[in-house]
Amino acid sequence: MSNQIPRPEHPQPQMERKNWQNLNGEWEFAFDFGRSGLDRKFQEREHLDRTILVPFCPESDLSGVGYKDFIPAVWYLRTLDVTAEQLKGRILLHFGAVDYQCTVFVNGAKAGEHKGGYTSFTLDITGLCKEGANRLTVYAEDDNRHGWQPHGKQSELFYSHNCDYTRTTGIWQTVWAEYVPASYIKSVKYYPNITEGTLLIQATLCGEGVLEAEADFEGRPCGKGSVRAENGVASLLLKLDELHLWGAGQGNLYGLTLRFGQDEVKSYAGMREIRIDGYKVLLNGEPVFQRLVLDQGFYPDGIYTAPSEEALVRDIELSLAAGFNGARLHEKVFEPRFLYHCDRLGYLAWGEMANWGLDLSRPEALEAFLCEWLEELERDFNHPAIVGWCPFNETWDRDGRQQLNCTLAMVYRVTKQLDPTRPCIDTSGNFHVATDIYDVHDYEQDVEKFAAHYAPFRTGGKFYDAHESRQQYTPGLPMFVSEYGGIKWNPNADVQAAWGYGNGPETEEEFIARYRGLTNALLDNPNMFGFCYTQLYDVEQETNGLYTYGREPKFDMSIFHAINSRPAAIEGK
C-alpha cells in the first residue's frame, strides 16, 4: 500500500482548526462474518489479521481489500499518539461517515456509538486517552436487506442490477482528530439577510467567554463583532461593509474567523436568499431556472468515496461543461468537501437522504430515519449551495404495503422547524403528503407524448402525474420534473442491452434529438422553474449518463451545453 495519506485535505472546511490530524491511511482490519467479535473481545486485541486503506470501504478496489459479497460486520484498528500538552485540552475524534451501526473503543474501553451510514459524528475521547500511543478500535455492523436501515442505491442482491449498485460497509469518509482547548466552539449556524447586509451567527459553545467573529471578502476585512456567551450559546449579528451575493455561477464566499478564548476556527458563508413566489423559486429575488442533473456520487475505484479531491471538483466541472447549473445529490448524503466546492463554484444542490431500503410502511422507520436526517440538516445547514431539502425519494410500497403518510408529514414539519430558510420536498417523485414544491419523475421517451403531458400546465392547467390517485395535492405550488430522460447509450456495446429507461436510440443523432425535444418541452414551459436530467455519468450497469462511469464524454458536450443553457421561459417572466 502507498505510504501517502489518501484524501489528505481537511474534511470540514466550515469548521477548520490548525490543530488537527488526518487519520486516513493504513489501518489494521478484520472481517466479522459471524458478528462474534464483541464476544471474542476484538476491542482488546493489539492486532487484527488484515490491513485496509481508510477511508475506502472494503468493497472498493482502492481499499486494498475489494471484497464484493455481503459483509455483516468489520473491525478497524490503529494507534493515535497523544502528547501531554494535548491532554490538557480536549481530544475530539471525528468520523465523516461509517456505514451503518458503529461502536468506537479507545484502549479497549467504549468511547461511544453512532447509528446511520451517511452522517458525521464526533466523540470526546479525552478521558480515555493517555500520553503516548493509544489504540483506536472501530466496529461496524451493516445489513441492508431487512428493511430497517436506509441504504440508498446499495444492492440488496448479490449482483448490482438496474439502478442498484455495489455496497459500502464501514468507514467511507475521512477520520480525523482535533485538539481543542477546554473552552471551544462546538458548532455554528449562519443566517444571511441580503436586504440588511447582515449575517447572524448562532454558536453552540463549550465553556464560558466571549465569541468574536471577523469577516473578509477576497482578503479585505468587511465586518467584525463580539458577544459574551451565556449558558453555552451565543448570537452575534455581523454587519457587512460590502455585500456580494452568492448565486448560480457566482460563488461569492465570505471568509470567517471565529474565536472563543484560545479556540480559533476558520469558516466561510454565502449571502443568498431562497424564496417561493407562486410557481417561481427565486434566488435573491430573481427567477433562476434550475438546470439540474442527477448525481449519484459513485466512483469505479472508490464506490461511495471519491479517490481524490480533484475527482470531486471534476464532477462539478463536467456538469457545468454540459450546461447544468446544479444537481440533485441523489440517494446519498455527499461529503462536506464536495459541498464546499459547490459553494465555491456557485453550483446549486439539493440535499437528499438515502431512504431506499427503509420500510416506510412501519412506524419504526421514523426512528431509523429521523435521527440521521436531523444530523444531515445540522451538518450541512450553512452551505449556500444547498437550495432545498428532499428527505425522501420515490417512497415505493414494500411487499404490497403503502407508506405511512404520517411519517413523511412529520419529517417535512421537523425539517421546516429546523430550517425555515429553504424549501422542502417531502418525497421526490412519489408520493407527496406535505411539501413546498410538487415534483414528478417522468421517463417517457417519446418527445411528443412527453411534451403533451405538460402542455396544459403552460396555461395554468393540470400538472401531469402518473401517480395522481395517491397524491395529496395542493394547487398553486411550484412544480417541476425532477427526473426525466435517462436515455440509455453505450457506444461500446449493444444499445438495447444497456440498462436505462425505455428504448435506447440507435444513433447519436437520434439521442441528441430526443434529448433536445424532452428538454425544450421543460425550458419552454412558462410555469416550470427547473428540471433534473437523469443522469450525469453512468454507474456500473446503468448506462444513461452523458459521461461514462470513468467520466469520459460520450458526445460533444458543447451540444448539450447549448441545449441546457439557453434562456428558459420562466426567466423572462
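Report, in debye and to the nearest 20, how large the dipole of the stretch 1-93 comes out about its Cα centre when Lys and Arg carry +1 and Asp and Glu carry -1 on their Cβ. Spell out each step's value before the answer.
Details: 12 positive and 14 negative charges, 65 e Å.
Dipole size: approximately 320 debye.
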Arrange the peptides 228-237, 48-57, 180-189 so that the one whose residues have, on average, the most other Cβ atoms within 10 Å appears first.
-> 48-57, 180-189, 228-237
Mean projection area, nm², convex hull over Cα of the stretch 268-407 = 10.2
Fully extended, how many nm does the chain gain between residue 257 and residue 474 (0.36 nm per residue separation, minus their Cα-Cα distance)?
-> 73.7 nm
Between residue 87 and residue 402, take the C-beta separation as r, use R0 = 56 Å, and let me know the FRET efficiency to the nearest 0.05.
-> 0.55
Taking all pairs of different Cα atoms in the stretch 131-176, averaging 1/r and flipping that mean, what Kirkwood radius in angstroms comes out?
-> 13.1
Determine, from the Cβ-Cβ distance of residue 509 and residue 61 and an R0 of 51 Å, the FRET efficiency 1/(1 + (r/R0)^6), rounded to the nearest 0.05.
-> 0.90
Quick one: what does P(r) look like for the stretch 424-573 with 10 Å bins over all Cα pairs, in whole %?
-> 11, 39, 33, 16, 1
At a Cα cut-off below 23 Å, give the lysines reachable from residue 88, other chains included and same-chain residues fewer than 8 away excluded.
-> 18, 110, 130, 186, 266
Which lysines have a Cα lying under 19 Å from the Cα of residue 68, excluding residues fewer than 8 positions away in the same chain?
-> 153
Would you please give the FRET efficiency between residue 417 and residue 362, computed as 1/(1 + (r/R0)^6) with r the Cβ-Cβ distance and R0 = 25 Å, to the nearest 0.05?
-> 0.55
Once fully extended, how much extra length lies between residue 566 and residue 198, figured as 0.36 nm per residue of separation less the alpha-carbon to alpha-carbon distance?
-> 129.1 nm
So in the chain, what percent of DSSP beta bridges are antiparallel if you round to the nearest 5?
-> 75
Would you compute, from DSSP H runs of 4+ residues alone, the mean residue ellipticity of the chain at 222 nm, taking -39500 (n - 2.57) per run and dividing by the full residue count, rounded to the nearest 500?
-> -4500 deg cm²/dmol
Expressed in nanometres to one decimal, the distance between label points 7 Å along Cα→Cβ at residue 9 and residue 371 is 3.2
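In whole percent, how big is the carbon plus sulfur part of the accessible area of the chain, probe 1.4 Å, protein atoms only?
Looking at the chain in its full context, I get 49 percent from C and S.
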All aspartates and glutamates inside 16 Å of residue 239 as judged from Cα atoms, apart from same-chain residues fewer than 8 positions distant = 196, 212, 214, 216
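By average Cβ neighbour count within 10 Å, what is the ranking of 304-311, 459-466 from highest down?
304-311, 459-466
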Across the chain, how large is the tail of the calculated P(r) beyond 41 Å, expressed as a percent of all Cα pairs?
-> 23
Taking the alpha carbon gyration tensor of the stretch 363-477, what are the square roots of 5 times its eigenvalues, largest first, to the nearest whole Å?
-> 27, 18, 12
Accessible surface, per residue, of the stretch 451-539 when the full set of protein chains is kept, probe 1.4 Å, Å² | 39
Phi angles of the stretch 119-134, converted by Karplus (6.51 cos²θ - 1.76 cosθ + 1.60, θ = phi - 60°) into ³J(HN,Hα) in whole Hz with x for Gly and Pro, give 10, 7, 8, 9, 10, 8, 9, 3, x, 9, 9, 10, 5, x, 7, 10
Using only protein heavy atoms and a 1.4 Å probe, report how much of residue 473 is accessible, in Å² to the nearest 10.
-> 110
Relative packing of peptides 500-511, 85-96, 216-227 - highest average C-beta neighbours within 10 Å first | 85-96, 500-511, 216-227
Distance in nm between label sites at residue 16 and residue 38, each 7 Å beyond Cα in the beta-carbon direction?
-> 3.9
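The values are calculated or read from the model by the stated rules, or taken from the named source; none is laboratory data. Keep in mind the model is a prediction, meaning the values are calculated, not measured. Here Cβ is always computed from backbone atoms with ideal geometry, including for glycine, and neighbour counts include all displayed protein chains. Protein only, heavy atoms only, side chains kept; ligands, DNA and RNA dropped before computing areas. Shrake-Rupley method; radii C 1.70, N 1.55, O 1.52, S 1.80 Å.
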